[in-house]
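To start, the structure itself, in structure tokens.
The values are calculated or read from the model by the stated rules, or taken from the named source; none is laboratory data. Values in this document were obtained by computation on a predicted structure and should not be read as measured data. Please note: Cβ atoms are built from the backbone with ideal geometry, for glycine as well, and neighbour counts cover all protein chains shown. Keep in mind that these areas ignore ligands, DNA and RNA; they rest on the heavy atoms of the full protein, side chains included. Shrake-Rupley method; radii C 1.70, N 1.55, O 1.52, S 1.80 Å.
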Amino acid sequence: IAGANGIFHIRDNKTIDNYHPRNAFGGPAFIICMSLDEKSNTIWLGDNAQGIIKLKYSFDKNNRCSYTEERFITTKDGLTDMYIRSILFDKRNNLWVGTRYGGIFRINETPKGMVVKSCNTEARLSCTRVTDITEEGSSAVWFATCDGIYRFQHEMGQWSHLTTSDGLLNAEVFNVVADEENGFVWALTSQGVTKIKTDNTNILLPPLVTITPISVLGKPDSAALFSKDPMVYSS
């Protein structure tokens, strides 16, 4: 469990240890969200206003845990908004970050360092406040925003967007949970919970538009289809 007073490690209803990490500027971290990578003994922490903390942990022979801040991700690394609101380290080793004003970021560790990428343009994000991130197995990632929910499908590299027109009770979504086994996603809003069939998101693509004829006052205007200049019609 994490919050304004740091991390609390709980086992069998007892607090085993408590650690208060520092943020990138040396102050006590105000932890809003966290995601665990057990394979590398790493906890990714989102600070309320000071970016991301990469925290390493290890256990001694008495099963007591120790912690070390390994690195920080801030504006110097390309994170344009340090007000972190959601975070997820997924099964494909991507670190997804949702912010208060800056939208969605995808972060990957490389031999040359951290690569921080904004996903707002490719997702066509219409609201940049991202309150929750969850994973649909290893196939997709879901994002709760103040304008519906977004889904990124890894294999196709495709984004889709669900709003009230797709059945959401309210556009402002606080939390989202994916039920991969049964093919549903649950979205929590101020007006209640919406259950959506995830298969429906595969067809949420803009239809192709082909203009075949143009008629003006009931008469065909065939020249308009082949004109290289804009056609202007009076009302």
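For this structure, a couple of remarks:
- Qualifying residue in the range 188-195 (condition: at pLDDT below 85, open to solvent by 100 Å² or more (accessible area, probe 1.4 Å) and under 20 Å from E136 (Cα atoms)): no
- Put simply, of S160, S165, S138 the only residue that is open to solvent by 50 Å² or more (accessible area, probe 1.4 Å), farther than 22 Å from R100 by Cβ, within 17 Å of the chain's Cα centre (by Cα) and at pLDDT below 95 is S138.
- Residues that are in contact (Cβ under 8 Å) with a residue 40 or more places away in the chain and of a type in the set (S, T, N, Q), drawn from the range 154-174: S160
- The residue pairs whose first member lies in the range 175-191 and is within 26 Å of I32 (Cα to Cα), whose second member is small (G, A, S) and in a strand (DSSP E or B), and whose beta carbons are closer than 7 Å, counting only pairs six or more residues apart or on different chains, are N175/A144; V176/A144; V176/A187; V185/A178; A187/A144.
- Pick from the range 9-31, criterion open to solvent by 70 Å² or more (accessible area, probe 1.4 Å) and of a type in the set (A, V, I, L, M, F, W, C), ranking: farthest from R100 (Cα to Cα): I10
- Of the residues I52, I133, the single one that is within 14 Å of the chain's Cα centre (by Cα), modelled with pLDDT of 95 or more, open to solvent by less than 30 Å² (accessible area, probe 1.4 Å) and closer than 30 Å to T163 by Cβ is I133.
- For the range 141-157, a residue qualifies if it is more than 17 Å from Y101 (Cα to Cα) and among the hydrophobic types (A, V, I, L, M, F, W, C), and the qualifying residues are V141, W142, F152, M156.
- Any hit, the range 106-114, residues being at pLDDT 95 or above, under 21 Å from T145 (Cβ atoms) and polar (S, T, N, Q): no
- Residue, farthest from the chain's Cα centre (by Cα), within the range 85-103, restricted to residues that are of a type in the set (F, W, Y) and open to solvent by 20 Å² or more (accessible area, probe 1.4 Å): Y101
- Residues that are in contact (Cβ under 8 Å) with a residue 40 or more places away in the chain, closer than 30 Å to R129 by Cβ and either polar (S, T, N, Q) or open to solvent by 80 Å² or more (accessible area, probe 1.4 Å) (or both), drawn from the range 55-84: T74
- Selection count, the range 104-124, where residues are open to solvent by 30 Å² or more (accessible area, probe 1.4 Å), in a loop (DSSP other than H, G, I, E, B) and under 26 Å from G183 (Cα atoms): 1
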